[in-house]
1. Using a 1.4 Å probe on the protein heavy atoms, what percent of the accessible area of the chain belongs to carbon and sulfur?
2. About its Cα centre, how strong a charge dipole does the chain have in debye, to the nearest 20, once Lys and Arg get +1 and Asp and Glu get -1 at the Cβ?
3. If you roll a 1.4 Å probe over the heavy atoms of the protein chains, what accessible area per residue do you get for the chain, in Å²?
4. Check the straight Cα-Cα distances from Lys29 and name the lysines below 21 Å, setting aside those fewer than 8 residues away within the same chain.
5. For helix 26-36, report the angle its Cα long axis makes with the longest principal axis of the Cα atoms of the chain; keep it between 0 and 90° and round to the nearest 10°.
6. Report, in deg cm²/dmol and to the nearest 500, the calculated mean residue ellipticity at 222 nm for the chain, where each DSSP H run with n ≥ 4 adds -39500 (n - 2.57) and the sum is divided by the residue count.
7. I'm spelling it out carefully: the read-out is mean projected area of the Cα convex hull in nm², the candidates are (i) 4.8; (ii) 5.5; (iii) 3.9, and one was derived from this structure. Which label?
Amino acid sequence: NEGLEMDLEKALAHEADLFGLVFTSDDRKEGIDAFLNKRKPEFQGR
């Protein structure tokens, strides 16, 4: 939602920053594993 109030350049930089945080999470790994194994993910908030 924060990106809606920014110009495109700042919003894209903001998205990249947040993606970097999420990309290293255990939940990302769980989501990919669940998708590949065709099961519902069990996210832990980590």
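1. Working: 2520 of 4310 Å².
Of all accessible area on the chain, carbon and sulfur atoms account for 59 percent.
2. Values: 7 positive and 11 negative charges, 92 e Å.
For the chain, the charge dipole is close to 440 debye.
3. On the way: 4310 Å² over 46 residues.
Ligands and nucleic acids excluded, the result is 94 Å² per residue.
4. Lys38, Lys40
5. Once rounded, one gets 60 degrees.
6. Per the formula, -19000 deg cm²/dmol.
7. The value matching this structure is (iii).
The values are calculated or read from the model by the stated rules, or taken from the named source; none is laboratory data. Here the structure is a predicted model, which is why all the values come from computation and not from measurement. In this analysis, Cβ positions are derived from the backbone assuming ideal geometry, glycine residues included, and neighbour counts consider all displayed protein chains. Note: accessible area is taken over every heavy atom of the protein model, side chains too, but ligands, DNA and RNA are not part of it. Shrake-Rupley method; radii C 1.70, N 1.55, O 1.52, S 1.80 Å.
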